Amino acid sequence: MIRLQNIEKVYRTDTIETLALNSISLDVDKGEFLSIMGPSGCGKSTLLNIMGLLDAPSKGDVRIGDQATLNLSDKQLAHFRNKKLGFIFQSYHLINDLQVLDNVELPLLYRNTTAKERKQLATEALEKVGLSNRIKHFPTQLSGGQRQRVAIARAIVGRPEIILADEPTGNLDSAMGSEIMEILIQLNKVDKTTIVMVTHDENMANKTHRLVRLFDGAQVQ
Ligand code: ADP
Ligand code: ADP
């Protein structure tokens with residue numbers, strides 16, 4: 001589903017050069033739930049951003065499904081991301097002056113959908129994360145766990161084949177974190193969504209199919 005070959009990522013400024021990823025090759029299978037762990041600064045977010053086509057590698061090849069991505073224009077990349085990928089972040093990235101339902105509808109604005117279809121799909125996504133009773137709330141009126149559920153609804157509303165989650169439980173206490181993890185496990189099991197999750201939590205990682213460990217930009221396991 002995702003194939004990374006010999007990925008290298010160098011961040012360059014005038015004065016500093018950082019080798020963030022050093023020759024990473026990794027295949028994520030269709031239907032797999034993969035977790036990525038490693039110390040702060042080892043390249044986890046960089047790797048996830050490259051998998052999610054948010055950032056380009058300095059060297060190497062990224063393939064998603066049967067799509068080679070190297071030669072896609074920015075516009076083609078944005079379109080592909082919107083259709084195939086869902087993103088979840090540690091700090092939710094919701095828009096605070098939009099109601100929950102409107103936040104969830106956002107990814108659909110870039111597609112050919114009617115207002116009625118958007119509302120229908122967003123309502124279904126919110127049902128799936130158990131938040132049907134909060135559709136008119138604003139994000140600031142919700143708990144952290146509820147905000148993350150809104151973010152998950154937004155990630156799945158376009159029925160992506162792949163979800164990329166960067167420390168989705170990092171800001172939550174362990175009870176709320178477990179709830180979020182349970183939702184992700186169900187999305188993987190029931191909807192067969194491929195999931196790649198960065199985490200600091202061994203317990204969460206142990207619930208996934210496979211764990212990849214990074215150290216200093218390289219895969220150690
Ligand atoms: P168990 O719960 O018995 O330990 P697993 O969690 O290993 O089973 O697998 C549950 C299901 O998830 C399997 O039936 C399989 O279809 C799917 N699965 C497990 N590992 C992978 C993988 N690496 N890639 C894709 N699907 C997988
Ligand atoms: P992690 O997610 O594992 O904490 P990151 O992928 O964020 O690690 O960062 C990997 C390395 O790349 C770090 O050493 C970091 O300092 C560096 N880095 C990340 N983003 C940038 C950037 N925009 N410019 C320069 N260096 C960066």
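Every number in this text was worked out from the coordinates using simple rules, so none of it is lab data. Keep in mind that what you see is a predicted model, and the values were worked out from it rather than measured. Because the Cβ atoms are built from the backbone with ideal geometry, glycine has one as well, and the counts that use them run over all protein chains shown.
Tally Lys/Arg at +1 and Asp/Glu at -1 over every other residue whose Cβ is under 15 Å from the Cβ of residue 6; what's the total?
Numbers: positive: 3, 9, 59, 63; negative: 8, 27, 61.
Neighbour charge sum, excluding residue 6 itself: +1.
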Highest-first arrangement of 145-153, 48-56, 109-117, 129-137, where packing means the average Cβ count within 10 Å: 145-153, 48-56, 129-137, 109-117
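What's the local net charge at residue 83, with K and R +1, D and E -1, over the other residues with C-beta under 10 Å away?
Taking every Cβ under 10 Å from that of residue 83, the sum is +3.
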Isotropic mean projected area of the C-alpha convex hull, the chain (nm²): 12.5 nm²
For the chain, with +1 on Lys and Arg beta carbons and -1 on Asp and Glu, the positive-most of 171, 103, 197 along the dipole: 103
Within the chain, percent of DSSP bridges classed antiparallel, to nearest 5: 50 percent
GNM top mover of 22, 171, 203 - the chain, alpha-carbon springs below 10 Å: 203
The chain, dipole about Cα centre (Lys/Arg Cβ +1, Asp/Glu Cβ -1), debye to the nearest 20: 660 debye
Rounded, prolate or oblate (a/c below 1.5 giving rounded, otherwise prolate when a/b exceeds b/c) for region 134-173 by Cα gyration tensor: oblate
Contour excess over end-to-end distance, with Cα ends at residue 93 and residue 200 and 0.36 nm allotted per residue: 36.6 nm
Within the chain, helix-based [θ] at 222 nm, where runs of 4 or more DSSP H residues each add -39,500 (n - 2.57), nearest 500: -10000 deg cm²/dmol
Share of Cα-Cα pairs in region 89-193 lying beyond 21 Å, as whole percent: 28 percent
The chain, relative contact order in percent, only Cα pairs under 8 angstrom and at least six apart counted: 30 percent
Set 9/128; 30/136; 83/116; 136/189; 59/207 screened for pairs whose C-alpha atoms are more than 25 Å apart: 9/128; 30/136; 136/189; 59/207
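Can you give the FRET efficiency for residue 83 and residue 140, using 1/(1 + (r/R0)^6), R0 = 35 Å, r = Cβ-Cβ distance, to the nearest 0.05?
On the way: r = 30 Å, r/R0 = 0.87.
Once the sixth-power term is evaluated, E becomes 0.70.
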Where a label projected 7 Å from the Cα of residue 5 along Cα→Cβ would reach, residues of region 20-46 with amide N under 13 Å: 25-27
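Work out how much length residue 112 to residue 220 would gain on full extension: take 0.36 nm times their residue separation and subtract the Cα-Cα distance, in nm to one decimal. If you can, show how the numbers build up before the last one.
Details: separation 108, 0.36 × 108 = 38.88 nm, distance 4.36 nm.
Extra length from residue 112 to residue 220 when fully extended: 34.5 nm.
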Label zone at residue 19, where the point sits 7 Å out along the Cα-to-Cβ direction: region 181-221 residues whose backbone N lies under 11 Å: 217-218
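For region 1-59, what is the charge dipole size about the Cα centre, in debye to the nearest 20, if Lys and Arg each add +1 at the Cβ and Asp and Glu each add -1 at the Cβ?
Working: 6 positive and 7 negative charges, 7 e Å.
In total the dipole reaches around 40 debye.
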